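Mind looking over this structure? Questions follow.
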Amino acid sequence: MIRIQGIFIVLLFSMTAWSQKGSWIEKQIYPMQADGVWSVDGLENVYIAQFGLINKFDSTGKLKFSQSIKSLGSMTQLVPINTMKLIHFSEEQQTLCYLDNTLSPLDDCIDLTEEGIVNAVMVSESNQPNKIWVLDNLNSRLLLLPLDNVYQTQELVNLRGVLDLNQVTQFVERNNQVVLLDATKGVYIFDLYGSLLDYFPEKNVLAVDANEQMLFLLRADGLYIRSFASGETLRVDVPVTGVIDFAYRNHFFFFRTEKAVHKFALQFSE
């Protein structure tokens, strides 16, 4: 059997990759509610926030920590910026609040309105230390915000003015590139200075992720794995129904449904 790290070889040398079928092996299930918030870090720790609590599970599914977050306001996203620190983002409060790796609150929250960002709707981690990406919806700007010196904020691109994007649903930084999904137009890839490197006019994409070699696209009809080098695309059926989001970490896929997060490994026959 060939694990997911072998997919790149499959894509390069198989001309029938589109129809090739993989097999999924379920590793863990993390129950959650439909209105819960989830995330996963680089060590495969899974975070689930619901009922005013955050729970942290390790890579084996064991509950490690639990913490009340009611005092921080309504949570929109929970973003691991490294294995030692998390960001609690509240769109309602327009704040970024720190949590340590035991989920204990750290320092004061950052009020984004004091930094000239009045309508932040989405954030994402950066590979650069102590920085976070912020989507300012009012001005349609994608900003890289230093958490230790907010006066050095960098604007990546004016999304509406330059690309006429109006429905950004996700963006992630991977391998010093920003992968951005617009639900109506497709997937854009930028360098960290805002130059457009690639564009895929992929419609009806629910979520994206990437690594150095591959772009992962979740659609209603399956998971599409595209090789950056060859351009070939592999489609595989997702292992559970009702998937609305996913993440890829360390050769594992985490699929979010309304009732749980499922951790799977993907294998292919030789």
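The values are calculated or read from the model by the stated rules, or taken from the named source; none is laboratory data. The structure presented is a predicted model; accordingly, all values stated were derived computationally and were not measured. Here the Cβ is made from the backbone with ideal geometry for all residues, glycine too, and neighbour counts use every protein chain on show.
For segment 180-191, what are the residues that are in a strand (DSSP E or B) and not hydroxyl-bearing (S, T, Y)? Talk me through it step by step, then tell me what you get.
Let us first name the residues in segment 180-191 that are in a strand (DSSP E or B), namely 180-182, 186-191.
Of everything in segment 180-191, those that are in a strand (DSSP E or B) and not hydroxyl-bearing (S, T, Y) turn out to be L180, L181, D182, G186, V187, I189, F190, D191.
Please determine whether any residue of segment 219-241 is closer than 26 Å to R160 by Cβ, at pLDDT 95 or above, out of contact with any His (no Cβ under 8 Å at 6 or more places or on another chain) and surrounded by 13 or more Cβ atoms within 10 Å (Cβ to Cβ). Break it down into steps so the answer makes sense when it comes.
So in segment 219-241, the residues closer than 26 Å to R160 by Cβ come out as 219.
Cutting the leftovers down to at pLDDT 95 or above gives us 219.
Then keep just the ones that are out of contact with any His (no Cβ under 8 Å at 6 or more places or on another chain); that gives 219.
Next, from what is left, pick out any that are surrounded by 13 or more Cβ atoms within 10 Å (Cβ to Cβ): 219.
Within segment 219-241, one or more residues are closer than 26 Å to R160 by Cβ, at pLDDT 95 or above, out of contact with any His (no Cβ under 8 Å at 6 or more places or on another chain) and surrounded by 13 or more Cβ atoms within 10 Å (Cβ to Cβ).
Would you mind finding the one in L165, L112 that is without any contact (Cβ under 8 Å) to a residue 40 or more places away in the chain, crowded, with 16+ Cβ neighbours inside 10 Å and touching a Lys or Arg at 6+ places or on another chain (Cβ under 8 Å)?
L165
For segment 64-105, give me the residue count where each residue is more than 17 Å from the chain's Cα centre (by Cα) and basic (K, R).
Total satisfying the criteria: 2.
If only one of I69, I81 is at pLDDT below 95, surrounded by 18 or more Cβ atoms within 10 Å (Cβ to Cβ) and under 17 Å from P146 (Cα atoms), which one is it? Explain how you work it out, then say what you get.
Values: I69 fails: under 17 Å from P146 (Cα atoms).
Sole residue among the options that is at pLDDT below 95, surrounded by 18 or more Cβ atoms within 10 Å (Cβ to Cβ) and under 17 Å from P146 (Cα atoms): I81.
Quick one: is L106 more than 26 Å from N139 (Cα to Cα) and either surrounded by fewer than 18 Cβ atoms within 10 Å (Cβ to Cβ) or polar (S, T, N, Q) (or both)?
Working: more than 26 Å from N139 (Cα to Cα): yes; either surrounded by fewer than 18 Cβ atoms within 10 Å (Cβ to Cβ) or polar (S, T, N, Q) (or both): yes.
Answer is yes for this residue.
Now for a different question. Considering only residues that are part of a loop (DSSP other than H, G, I, E, B) and under 17 Å from the mean Cα position of the chain (by Cα), look in segment 153-179 and name the one that is modelled with the lowest pLDDT. Talk me through it step by step, then tell me what you get.
Of segment 153-179, the ones part of a loop (DSSP other than H, G, I, E, B) are 153, 164-167, 175-176.
Those left that are additionally under 17 Å from the mean Cα position of the chain (by Cα): 167, 175-176.
Values: Q167: 86, N175: 90, N176: 91.
That would be Q167.
Within segment 236-256, take every residue that is among the charged types (D, E, K, R) and assigned to a strand (DSSP E or B) and give me the one that is farthest from D58 (Cα to Cα). Step through it out loud before you land on a result.
Start the filter on segment 236-256 by keeping residues that are among the charged types (D, E, K, R), which leaves 237, 245, 249, 256.
Still in the list and also assigned to a strand (DSSP E or B): 245, 249, 256.
Details: D245: 20, R249: 13, R256: 17 Å.
Selected residue: D245.
OK, next. When both residues are 6+ apart or on different chains and their Cβ atoms are under 6 Å apart, which pairs have a first residue that lies in segment 246-270 and is without any contact (Cβ under 8 Å) to a residue 60 or more places away in the chain, and a second that is buried (at least 20 other Cβ atoms within 10 Å of the Cβ) and not in a strand (DSSP E or B)?
Going by the 6 Å Cβ cut-off, the qualifying pairs are F255/V243; T257/V243.
Continuing with the same structure: Could you say whether any residue in segment 63-84 is in contact with a helix residue (DSSP H, G or I) (Cβ under 9 Å, 6 or more places away or on another chain) and either closer than 26 Å to F171 by Cα or part of a loop (DSSP other than H, G, I, E, B) (or both)?
no
Residue-wise test of (1) more than 13 Å from E26 (Cβ to Cβ); (2) touching a strand residue (DSSP E or B) at 6+ places or on another chain (Cβ under 6 Å).
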| residue | (1), (2) |
| --- | --- |
| N211 | yes, no |
| D221 | yes, no |
| F228 | yes, no |
| P239 | no, yes |
| D245 | yes, yes |
| L266 | no, yes |
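Sticking with this one: Looking at this structure, is L106 among the aliphatic types (A, V, I, L, M), in contact with a Pro (Cβ under 8 Å, 6 or more places away or on another chain) and in a strand (DSSP E or B)?
no
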